[in-house]
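Taken together, the values in this text are just the output of simple stated rules run on the coordinates, not laboratory data. Quick caveat: nothing in here was measured; it's all calculated off a predicted structure. Counting neighbours? That spans all protein chains shown, and the Cβs are built from the backbone with ideal geometry, glycine included.
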Amino acid sequence: LGLSIDFRVMDAENPDFPDGSFDVILSRNLTWTLPHLKETYIRWKQLLKPDGILLNFDGDYCRENNSQTQLPANHAHRAIDASLNAAYEHLKSELAPAQKPRPAWDQDILAAAGFRNIRIDRDLSRRLYQNADAFNTPTPMFTICAHNQTAVTEHV
């Protein structure tokens, strides 16, 4: 396609870009791991251009059952080292007390941060995995679309 892509590694909660740098901010399975989600959404809004869009694909991973006991024997992540799974469970236990049920919590934070036309799709997993599929994703995923605009507008 002839695209030039610049990959950078940095703090997701406070990316080092000038305000108004992006038309779209896209996140997948990241925001559940951020200890300062409110501040992150505020910062991401600053990074968006006027009428920019935040797209967030995530799950309420801190509220899933213990990942080892819930997964079938042939799960896609069965080869992951036990110490890595233990670190995952530890991360969930550290973050869970400060998190509220998602994505309703995200919607409240985004609205307070000034995002508008916030839409939540709780059926992402059902469309991705049309048959019940604990092999790939035992925790349902959701999508959030939020607009950086000063007033709610209809887009047709």
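Points to keep in mind about this one:
- Phi to ³J(HN,Hα) by Karplus 6.51 cos²θ - 1.76 cosθ + 1.60 over segment 93-109, Hz, x for Gly, Pro: 5, 6, 7, 3, x, 8, 9, 9, x, 10, x, 4, 4, 4, 4, 4, 5
- When peptides 140-147, 101-108 are ranked by their average number of other Cβ atoms within 10 Å per residue, the highest-first order is 140-147, 101-108.
- Peptides ranked, highest mean first, by Cβ atoms within 10 Å: ranges 110-117, 80-87: 110-117, 80-87
- Under the Karplus curve 6.51 cos²θ - 1.76 cosθ + 1.60, θ = phi - 60°, whole-Hz ³J(HN,Hα) for segment 46-63, x wherever Gly or Pro sits: 4, 6, 7, 6, x, 6, x, 10, 9, 10, 10, 10, 7, x, 8, 5, 5, 10
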